[in-house]
Each structure stands twice: as structure tokens, then as C-alpha cells.
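Comments concern the structure below.
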Amino acid sequence: MRSIERSLNKFSEAGIRPVAISVDTSEDSRNLAQSQGYTFPILSDRNAEVIQRYDLAHKGAGIHGEDIARPAEFLIDSTKTAVWINLTENYWIRARPEQVLEVSKLLK
Amino acid sequence: MNIKRLNWPLWLGLVVTLAAFLSYFFVFVLFPFTRDFPWANLVLFVIAGVLLFMGLRHGFASDRPHPTRSKIVSSIVGVFSLFVFAMFVFVIFVGGRSLPASKGAPQVGQRVPDFSLPDTSGRQVSLDELLTTPINGNRPKGVLLIFYRGYW
């Protein structure tokens, strides 16, 4: 997410809005955004309902044994169709902004 | 302790080992180039390994003032450093892979599920809104959804 924030101008130019989603509370997300300087929307899926709808729940992986999201990225076009997805197999490896910006050229 | 008799390669090897472990989580994880594959940390571990090898040879040399103590201390430092390296390999290459397969996740070409969730100020934001609220005065071409594990 740091690299997304650093490339935010390029995303805006490409017409792409990055949006982050986790089970954190709105307050925790606000603290995260303030401390890290994130300016894109960060949404709070407290009960992992949306995360489950996307089949991204990592059961019991939170510190208190709660369900959390596994890392994943989806580029969605204006018809809500996924044009690119990244389901990493190792959570130390994430999508790079350049990858997403390259694919975003295909969007109309 | 006489500074000339200090087994400096051994202790420096231990310091570099700890630095090789911790620097990933505090420094190298910040940059995709050093995060996706921890080559910078593996280089540090190699340097630590060379220093520790020198330190162990030194510690087991016959001219040490306290041969038994020297052998015990250098053995403990060597084994501990090996343990730190094993921990690193486990955390990055094994622990990082313990993720669900998510076979039911939306695939390329499929429509993704709608949602409406509170943002950092508690206001409900829908996927429709994210796709229609202008960016720099223009209608967005798309949205990048980033699911992440959370702050904790």
C-alpha cells in the first residue's frame, strides 16, 4: 500500500481509484492512514462479510483468532468486471503499481 | 577482557545475523525490489556466515587463554545464529505461503460482488459510488480493490 500511495498520481492520471479493504475498524484504518500518509479510501469490513463474498477469508488468522482477508488485488472496470486479479501465494509478495498501471491501459 | 583477545569475527557475525533478520521487517519490506525476494537479507546472512566461520575457527584455536570457555561460547553463538537463519527462511518462504486457495474468488471476466462499507470516517461507501465519483473531474475508468490482512 505504500507503493500504491507513492504512485497515486499515476493512478489518478490512468483513471484508477485504489481502494483498500480489511477487517480493521474505521478508527484503526484512520490511524493507519494518518501514520502512513495514505490518502486513498480505506474501507472497514468488520465481520469479513464482503471478504467472504469474494472468497478471500483467511479463517482464524487474526491475532484473536478472527477471520481476516488474505492479500489480494482486483482491477475492476466500470461495468464491475474483473480485468486483472492477483491472488498472491506468499504474503510477502504483492502487486506492484507498474503491473496494475500496465493493465489499466486496456480500460476504456 | 583484553580487547586483542576478543573474538571479533564471532561477535560481529552474531550482530550481522541479527541485522540480516530484523532489517527485512523494518527496512527491506518497504521496497518491492527487496521485499518480493529477500536477496539483500540473504547477502547479509552469507556475510554473517563467513564471519561466524572465522569466529568458530578462532574460538577452537589452541592458543586461546580459556580454551574450554572459548569453545563453548563460540559454539553457542554459532548454533544460535544458525537458528536465526532457519527462522528467517521459515517465516519468509514457509509462513508466508500459508494462505487459503480462494478458488471461489472473482476471476478475470467475471463481475465482482457489490458492497457498501464504512470508510475511515464511518461513512458508507458503495462500489457504485467508487466507480462513479470523478477523479480529477473525470469519470473513473476503474477501481483497484486491495484486500489486506489488517493493521494489528
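Here are a few things to note about the model shown:
- Residues of segment B:20-64 that are modelled with pLDDT under 90, among the aliphatic types (A, V, I, L, M) and under 12 Å from B:Ile92 (Cβ atoms): B:Val29 alone.
- In the set (1) at pLDDT below 95; (2) facing chain B (nearest Cβ under 7 Å); (3) farther than 23 Å from B:Val108 by Cα; (4) buried (at least 18 other Cβ atoms within 10 Å of the Cβ), A:Asp28 fails one condition alone, (4).
- Taking first residues from segment B:127-141 that are within 8 Å of another protein chain (Cβ to nearest Cβ) and free of Cβ contacts under 8 Å to residues at least 12 places away in the same chain and partners that are exposed (fewer than 12 other Cβ atoms within 10 Å of the Cβ) and of a type outside the set (D, E, K, R), the Cβ contacts under 7 Å between residues at least 6 apart in sequence or on separate chains come to B:Arg139/B:Thr132.
- So B:Pro65, is it assigned to a loop (DSSP other than H, G, I, E, B) and crowded, with 19+ Cβ neighbours inside 10 Å: no
- A single member of B:Val46, B:Val77 is without any contact (Cβ under 8 Å) to a residue 40 or more places away in the chain and farther than 26 Å from A:Ala82 by Cβ, and it is B:Val46.
- Residue count for segment A:70-106 satisfying the condition of being closer than 25 Å to B:Gly96 by Cα, facing chain B (nearest Cβ under 7 Å) and not in a loop (DSSP other than H, G, I, E, B): 7.
- Of the helices (runs of 4 or more DSSP H) contained entirely in segment A:1-41, those carrying at least 2 residues that are more than 24 Å from B:Arg35 (Cα to Cα) fall at A:8-13, A:26-36.
- The combined condition, being in contact with a Ser or Thr (Cβ under 9 Å, 6 or more places away or on another chain), among the β-branched types (Val, Ile, Thr) and exposed (fewer than 13 other Cβ atoms within 10 Å of the Cβ), is not fulfilled by B:Val112.
- Inclusion of B:Leu56 among residues that are buried (at least 17 other Cβ atoms within 10 Å of the Cβ), over 24 Å from the mean Cα position of the chain (by Cα) and in a helix (DSSP H, G or I) is warranted.
- Residues that are surrounded by 12 or more Cβ atoms within 10 Å (Cβ to Cβ), in a loop (DSSP other than H, G, I, E, B) and over 26 Å from the mean Cα position of the chain (by Cα), drawn from segment B:124-152: B:Thr133, B:Pro140, B:Lys141
- Pick from segment B:102-123, criterion in contact with a helix residue (DSSP H, G or I) (Cβ under 6 Å, 6 or more places away or on another chain) and not in a strand (DSSP E or B), ranking: farthest from the other protein chains (Cβ to nearest Cβ): B:Asp114
- Considering segment A:42-52, and only residues there that are in a helix (DSSP H, G or I) and of a type outside the set (A, V, I, L, M), the residue that is surrounded by the fewest Cβ atoms within 10 Å (Cβ to Cβ) turns out to be A:Glu49.
The values are calculated or read from the model by the stated rules, or taken from the named source; none is laboratory data. Predicted model only: the values in this text are computed from it and were never measured. All Cβ positions, even for glycine, are placed from backbone atoms using ideal geometry, and neighbour counts span all protein chains on display.
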